[in-house]
Each structure stands twice: as C-alpha cells, then as structure tokens.
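S.K.: What follows is a single structure, and I will ask about it in a moment.
The values are calculated or read from the model by the stated rules, or taken from the named source; none is laboratory data. The shown structure was predicted, so the numbers you read here are calculated from the model rather than taken from an experiment. Heads up, the Cβs are rebuilt from the backbone with ideal geometry, glycines too, and the neighbour counts pull from every protein chain shown.
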Amino acid sequence: MDYSFLDYEVIARLGAIPIEARQPMLGNAAGRHRSPLRGSSVEFAEYRKYVQGDDTRRLDWKAYARSDRYYIKEYEADTNLRAYMFVDTSGSMEFSFDSTTKVEFARKLAATLAYLTVDQGDATGLSLCNEKTHLEIPPRRKASHLQKIFKSLNDIKPKGETGLVQGLHDIAEKIGSRAMIVVFSDFFCDIDELTDALQHLRHKKHDVTLFHLMDPQEIDFKFERPHRFVDMEDNSSVVAEPTIIADEYREAVQEFLEEVKTSAHDANVAYRLIRTDENYEDILSEFLLDRVPKGGKG
C-alpha cells in the first residue's frame with residue numbers, strides 16, 4: 001500500500017544522517033549506540049581488578065608488568081536503539097486553517113523517523129492516544145513491522161480530549177529499558193501535569209524529544225472579522241471580534257509556548273516548536289544533525 005505521508009526521496013536524503021541516541025541505550029541486539037553496560041567492544045572504557053571467573057584473554061599484561069596486579073580491560077558495549085513515536089490523537093490535532101493539519105504533519109514526521117530507524121538496523125514502535133484510546137505497537141527491527149506502523153498512522157482519526165499526560169505516564173512504566181521517545185502533540189494540557197509526566201520519563205532514563213506542533217494561525221491569530229471559535233476537543237464555542245482580543249490572545253499563546261518549553265527544559269527533555277507550514281524535511285534534518293556527537297561518535 002502506498003501512503004501519501006511517505007516521500008522516499010526525502011527518506012533517501014535523510015538516510016545519510018544517522019539517528020544517534022543522546023545517552024547510553026539498552027537494547028536486545030548489537031548495534032551502533034553506547035550502552036551503560038560493560039562488555040567487549042572497540043572503544044576502551046576503563047580498567048578494573050581481575051576477579052575469579054573473568055575471561056583471562058582480557059587481562060592487560062602491560063598493566064600487570066607495571067603494578068604486579070591483574071587488571072581487566074573494559075570497553076563501551078554498543079547496543080541497538082529502541083525508538084517510540086508517540087502521537088497525540090486528540091481532537092485539536094485535526095485543526096488546520098489553510099495549511100496541513102497538525103496530525104497530518106505528525107504522520108509525516110513520525111513515519112519518516114520510523115522508517116529511518118528501522119533502515120539503520122534499530123527498532124521502532126508507535127503509541128497513539130486520546131482520552132479513551134491508547135494504541136501501542138512495541139518496537140521491532142523488521143522492515144515488515146513498518147507496515148503495521150504506517151497503517152496505524154494512516155488510520156488516525158483525531159477526536160475527544162487529550163489523554164497525553166496519562167499516556168506518557170503509561171509508557172514510562174511499560175518500557176522496561178532506556179529508549180528514545182519522540183512526542184508529537186500540541187500540548188493542550190495542564191502544564192504542571194505535563195512536567196510530572198516528563199520527569200517520570202527522564203527518571204526512567206529515556207531520551208525524550210517534544211515536537212510541539214502548532215498551526216500558524218494558532219500563533220499569529222491573523223483574523224480580520226468576527227468568527228465563531230470552536231474547541232475541537234469538547235465542541236464548546238464562542239463568537240469573538242479578533243481585533244479586540246488579538247493582543248491578549250497572542251500574549252496568552254506566547255506564555256503557553258514558553259511554559260511548555262520551560263517544562264521540557266526543567267525535565268532535561270529536548271524541545272522543538274514546529275509550525276505546520278514549515279518544511280518537514282528541514283525539521284528532521286536539523287533534529288538528526290543536532291544529535292550527532294560533535295567531533296565524531298561519543
């Protein structure tokens with residue numbers, strides 16, 4: 001099946017940039033990413049004293065000659081990355097004024113990152129949530145697994161209020177070991193509760209990035225005549241004169257954006273504000289390049 005949110009020319013160009021973990025990962029197969037565990041690999045980590053049962057082939061005889069003591073060489077073990085694409089499917093994600101809806105933009109970003117992750121030999125999974133539904137597809141490394149992810153993304157029908165915060169708490173508890181979690185949402189939720197959820201994820205040592213998706217009109221508010229504004233999550237509405245409320249609205253939105261950004265910063269979580277009229281290839285290219293260790297792999 002062909003999916004309109006996949007552009008294979010974009011994928012080919014982005015494929016030249018590796019997806020790197022920002023911190024040591026734990027996986028179930030050998031890979032390119034640093035692990036917090038010690039083992040046999042290419043990069044030397046440190047020495048430790050020999051204990052009975054250690055592999056004598058890893059004894060450092062030069063260290064023995066200097067100190068008359070047995071030492072074992074330990075190395076940074078490499079492992080594979082497990083990535084989760086977490087997409088908010090609440091009603092507000094369906095909003096669009098005259099550009100791509102937020103959920104359509106999230107599809108492109110999540111699907112492309114999922115493809116790139118599996119293509120480099122790592123595992124990817126998907127979580128979708130609104131107030132009532134939390135679909136979770138565990139990460140797998142097989143290319144055939146991507147079809148299940150793409151179909152689930154394709155079938156999204158945003159509705160209802162957000163269940164983002166509880167969904168993040170759930171996934172923090174369900175994921176047994178460190179993973180990269182990329183969240184796609186407009187974050188229309190209680191900010192204090194969001195902060196608690198992000199700190200829960202970081203307490204579990206996950207590598208978390210927030211993609212804060214906003215329609216340009218939600219930020220710029222360039223309406224020129226009276227409009228009926230409808231809440232897409234609870235369907236409540238209000239008629240307002242934009243010229244009267246514009247300044248107050250923009251100030252409130254900027255305060256909201258700053259609160260979400262501060263919440264991410266306080267939890268040591270990466271944050272990116274995304275307008276849905278931006279070029280998604282540029283967004284992903286910058287995201288991937290920012291994660292490449294400066295001066296090479298580290």
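S.K.: For the stretch 84-200, please list each of the helices (runs of 4 or more DSSP H) lying entirely inside it that holds at least 1 residues being closer than 26 Å to residue 267 by Cα, in contact (Cβ under 8 Å) with a residue 24 or more places away in the chain and in the same structural domain as residue 268 (by TED's automatic domain parsing).
M.R.: Where helices (runs of 4 or more DSSP H) fall fully within the stretch 84-200 and carry at least 1 residues being closer than 26 Å to residue 267 by Cα, in contact (Cβ under 8 Å) with a residue 24 or more places away in the chain and in the same structural domain as residue 268 (by TED's automatic domain parsing), they are 102-119, 164-174.
S.K.: Of everything in the stretch 209-225 that's assigned to a loop (DSSP other than H, G, I, E, B) and not charged (D, E, K, R), which residue is nearest to residue 253 (Cα to Cα)? Working first, answer last.
M.R.: Within the stretch 209-225, the first condition is being assigned to a loop (DSSP other than H, G, I, E, B), and the residues that meet it are 215, 221-225.
Pick out the ones that are also not charged (D, E, K, R) and you get 221, 223.
Values: 221: 10, 223: 15 Å.
Only one residue tops the list, namely 221.
S.K.: Which of the following residues is of a type in the set (A, V, I, L, M) and at pLDDT below 90: 183, 230?
M.R.: Selected residue: 230, the only one of 183, 230 that is of a type in the set (A, V, I, L, M) and at pLDDT below 90.
S.K.: Would you check which residues across the stretch 238-252 are at pLDDT below 75 and surrounded by 11 or more Cβ atoms within 10 Å (Cβ to Cβ) and list them?
M.R.: Correct list: 240, 241, 242.
S.K.: Still on this structure: Name the one entry in 197, 114 that is of a type outside the set (Lys, Arg), farther than 29 Å from residue 236 by Cβ and crowded, with 19+ Cβ neighbours inside 10 Å.
M.R.: After applying the criteria, what remains is 114.
S.K.: When the residues of the stretch 168-180 are filtered to those that are more than 13 Å from residue 129 (Cα to Cα) and either at pLDDT 95 or above or in contact with a strand residue (DSSP E or B) (Cβ under 8 Å, 6 or more places away or on another chain) (or both), which remaining residue is surrounded by the fewest Cβ atoms within 10 Å (Cβ to Cβ)?
M.R.: If we take residues in the stretch 168-180 being more than 13 Å from residue 129 (Cα to Cα) and either at pLDDT 95 or above or in contact with a strand residue (DSSP E or B) (Cβ under 8 Å, 6 or more places away or on another chain) (or both), then 174 is surrounded by the fewest Cβ atoms within 10 Å (Cβ to Cβ).
S.K.: Now for a different question. Does the stretch 87-95 contain at least one residue that is buried (at least 22 other Cβ atoms within 10 Å of the Cβ), closer than 21 Å to residue 284 by Cα, within 13 Å of the chain's Cα centre (by Cα) and not hydrophobic (A, V, I, L, M, F, W, C)?
M.R.: So far as the stretch 87-95 goes, yes, one or more of its residues are buried (at least 22 other Cβ atoms within 10 Å of the Cβ), closer than 21 Å to residue 284 by Cα, within 13 Å of the chain's Cα centre (by Cα) and not hydrophobic (A, V, I, L, M, F, W, C).
S.K.: What are the residues in the stretch 279-298 that are modelled with pLDDT of 95 or more and not in a helix (DSSP H, G or I), if any?
M.R.: 279 - this is the single residue of the stretch 279-298 that is modelled with pLDDT of 95 or more and not in a helix (DSSP H, G or I).
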